[in-house]
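The values are calculated or read from the model by the stated rules, or taken from the named source; none is laboratory data. Remember, predicted model here, so these are calculated numbers, not experimental data. Here the Cβ positions follow ideal geometry from the backbone for every residue, glycine too, while neighbour counts run over all protein chains shown. These area figures cover heavy atoms from the full protein model, side chains too; ligands, DNA and RNA do not enter into them. Shrake-Rupley method; radii C 1.70, N 1.55, O 1.52, S 1.80 Å.
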Amino acid sequence: MKLDFGSIVGNKNIVKSMQAAIRHGHVGHAYIIDGGAGSGKSLLATTFAAAILCETTSENGACGGCVSCITLLSGNHPDVVFVRTQKKSIGIDDVREQIVENISVLPYSSERRVYIIENAQTLTVPAQNALLKTLEDGPKYAVFLLLSENHKAFLPTVLSRCVLYKIPPLGDAEVLAYLKSQGVDATLAQGAVPYAGGSLGRGMTLVGDEDFMAFRKEILDMAREMEGKDIVEIFAMAKALEGHKERVGQALDILTMHFRDDLLSGQAGNALDAAKKIRIIEDIKQKLNQNSNFLLTMEVMLLKLSGIGIA
């Protein structure tokens, strides 16, 4: 793993801002690095932290060879604190134990101490309020990097005290080029890119998933065959999807891409046009996020997509 800014793919504006902060000695007190799973939040945070703590920081970031860089790469840097939890959310006790109770301890080997808060969007309101006090009154040597998948989950008071970096999805061409640079077969890479959502991490996960292409074919066959099926057959398809419950996000993405291709080619379905089908899938995604009954939700979706249900 490299620690220099030059190794980061995309996110040029964020990288330039981080470089400028290092170059001018104006590193802020707190940053929110916001992006989807696999978007590169951890790499950006680690690269920024390395540059902040490096003994010989250059325009391109950390040198990679000093004691600070070596210890950071080993995962044992005394001035990098990873704030984590085994629970579903980061509670006030986590913030107190991992941040508040040691914030007054001076850095061991650097001029700063960097706190990297993973899954920061799960901070509870009491935890955010506890963190807020530290953001307001904490020592100047403390730098907080909050890694988030939803910056809207933060209190306005927390947001106002952080620099917000929103990671945009990369273009398909950038993802494809990256996958090829990692030695991924061109055909496999091209098949995965449409489902990567502009995320390098997701792209690498897909190409490493031996079952993905077979799963993609199964979902596409279902999409092509559902029209003209009766209710019993549709319910059987929904039951089959229940067997892939852990991969439902991928299944919905595959369906969306299929109907998007229909939309672009002008080959809309007989019962509903492709645009309506895409809206149906988006609505289903929201319902699943609201913890609705999985099988019932799949049945409703397939009935609507097949033209049996009322859209």
Could you compute the net charge surrounding Gly249? Neighbours are other residues with a C-beta less than 11 Å from the C-beta of Gly249; K and R count +1, D and E count -1.
+2
To the nearest 0.05, how large is the calculated FRET efficiency for Lys12 and Asn150 if R₀ is 25 Å and r is the Cβ-Cβ distance?
0.60
Just one of [x] 43, 23, 16; [y] 29, 22, 18; [z] 32, 23, 17 is semi-axes √(5λ) of the Cα gyration tensor in Å calculated from these coordinates, so which is it?
[x]
Suppose all protein chains stay in the model; what accessible area per residue would a 1.4 Å probe give for the chain, in Å²?
51 Å²
In whole percent, how big is the carbon plus sulfur part of the accessible area of region 1-146, probe 1.4 Å, protein atoms only?
52 percent
All other residues with a Cβ under 14 Å from the Cβ of Gly25 taken together, and with Lys, Arg as +1 and Asp, Glu as -1, what is their net charge?
+1
Of every hundred units of 1.4 Å-probe accessible area on region 156-311, the number belonging to carbon and sulfur atoms, as a percent, is 53 percent
Placing each pseudo-label 7 Å from Cα in the direction of the beta carbon, Tyr108 and Asp93 end up separated by a distance in nanometres of 2.6 nm
How big is the gap, in Å, between the Cα center of region 172-192 and the Cα center of region 30-57?
24 Å
Rounded to the nearest 5, what is the percent of antiparallel bridges among the DSSP beta bridges in the chain?
10 percent
Could you identify which residue out of His26, His77, His151 has the top mean-square fluctuation in a GNM of the chain using Cα springs shorter than 10 Å?
His26
